[in-house]
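The values are calculated or read from the model by the stated rules, or taken from the named source; none is laboratory data. The structure presented is a predicted model; accordingly, all values stated were derived computationally and were not measured. Cβ placement follows ideal geometry from the backbone for every residue including glycine, while neighbour counts extend to all protein chains displayed. The area values use the complete protein model at the heavy-atom level, side chains included, leaving out ligands, DNA and RNA. Shrake-Rupley method; radii C 1.70, N 1.55, O 1.52, S 1.80 Å.
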Amino acid sequence: VPMLPQAVRKMNVLLVDGSPIGIRSLQTRATLLGVRTSVARDMRTAMEFLEGQAGIGMPFDTVIVSSRLPDAPLEEFCRKFQRLSNPATRLIVAAPICDQAALSFLADSPVVLLDKPVQLPRLCEALLAASDASSAQPASEARVRLAAERLRESETAPLYTPPEDRPPLLGHILVAEDNPVNAEVTRGMLASRGFDATVAVDGLEAFRAVQM
């Protein structure tokens, strides 16, 4: 686990994500880094937290928000964040590569972009950037264009290429997942650990596969 500076490990961070899996993933990684977190599962709750903490003189140091919220588009969240949050509170937007190409409204704003699924090293980098206002890079148009190029590359390249020295097969796993990208990523991760996988796109297909 990377060691972060004491100032970063003392951060008070608000996590905003409507996905239970997304929240659990972020919380787990933040805990490993020693960062204190609070959780909001939608924009309304997040804004209540921001107002409440500011009202008692203990504003959040950083807010990590998912690009996909259940009750509002990200652009609306960012507008309210700028209006309600403490000027010193930094914003990190966690977004899949396929979403980043549409974040042009963040151009020239001091927002740190964080790829989803969130990996521990990238979370470290994002928190370090957010902790230093002078180092926070704007989500410029160039970065958005780069995200679009990465998306095009990901659409034309295989998500997983098994290595030549792939370990012997340890077992066969049934994966129930309706998102094709998530399914392929999961299959790749399992394959790298020596497991074969069959993907079912819904519960009924999974049930039939188990009966076979």
> Does region 30-42 hold any residues that are open to solvent by less than 70 Å² (accessible area, probe 1.4 Å) and touching a helix residue (DSSP H, G or I) at 6+ places or on another chain (Cβ under 8 Å), and which are they?
Replying inline: A30, L33, G34, V35, T37, S38, V39, A40
> How do the pairs read when you match residues in region 32-43 that are under 15 Å from L128 (Cα atoms) and in contact (Cβ under 8 Å) with a residue 12 or more places away in the chain with residues anywhere that are among the charged types (D, E, K, R) and not in a strand (DSSP E or B), using Cβ under 7 Å and keeping only pairs 6 or more apart or on different chains?
Replying inline: L33/R9; G34/R9; V35/R9
> Can you tell which of A101, A94 is in contact (Cβ under 8 Å) with a residue 60 or more places away in the chain and either touching a helix residue (DSSP H, G or I) at 6+ places or on another chain (Cβ under 8 Å) or surrounded by fewer than 22 Cβ atoms within 10 Å (Cβ to Cβ) (or both)?
Replying inline: A94
> Take the residues of region 1-11 that are in a helix (DSSP H, G or I) and free of Cβ contacts under 8 Å to residues at least 60 places away in the same chain: which is surrounded by the most Cβ atoms within 10 Å (Cβ to Cβ)?
Replying inline: R9
> For region 59-69, which residues satisfy the criterion of being closer than 19 Å to L114 by Cβ and either assigned to a strand (DSSP E or B) or not polar (S, T, N, Q) (or both)?
Replying inline: F60, D61, T62, V63, I64, V65, S66, R68, L69
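Here is a yes/no grid of residues against (1) outside any helix (DSSP H, G or I); (2) out of contact with any Gly (no Cβ under 9 Å at 6 or more places or on another chain); (3) open to solvent by 80 Å² or more (accessible area, probe 1.4 Å):
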| site | (1), (2), (3) |
| --- | --- |
| V13 | yes, yes, no |
| S25 | no, yes, no |
| R44 | no, yes, yes |
| G57 | yes, yes, no |
| A72 | yes, yes, no |
| F81 | no, yes, no |
> Are there any pairs with C-beta distances below 9 angstrom linking a residue in region 74-85 that is among the polar types (S, T, N, Q) to a residue that is not in a helix (DSSP H, G or I), with the two at least 6 apart or on different chains, and if so which?
Replying inline: Q82/L91; Q82/S109; S85/P59; S85/F60; S85/V63; S85/L91
>> Suppose we filter region 171-212 for residues that are small (G, A, S), within 20 Å of I21 (Cα to Cα) and surrounded by fewer than 12 Cβ atoms within 10 Å (Cβ to Cβ); how many remain?
In response: 1
> Which of the residues that make up region 30-42 are assigned to a helix (DSSP H, G or I) and either of a type outside the set (S, T, N, Q) or farther than 23 Å from R9 by Cα (or both)?
Replying inline: A30, L32
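Do we have E51 as of a type in the set (D, E), more than 19 Å from the chain's Cα centre (by Cα) and open to solvent by 50 Å² or more (accessible area, probe 1.4 Å) here? Break it down stepwise before answering.
Values: of a type in the set (D, E): yes; more than 19 Å from the chain's Cα centre (by Cα): yes; open to solvent by 50 Å² or more (accessible area, probe 1.4 Å): yes.
So E51 fits the description; yes.
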> Just for strands (runs of 3 or more DSSP E) wholly inside region 89-194: which have at least 1 residues that are modelled with pLDDT under 80 and small (G, A, S)?
Replying inline: 171-176
> Does region 50-64 contain at least one residue that is in contact with a Lys or Arg (Cβ under 7 Å, 6 or more places away or on another chain) and without any contact (Cβ under 8 Å) to a residue 40 or more places away in the chain?
Replying inline: no
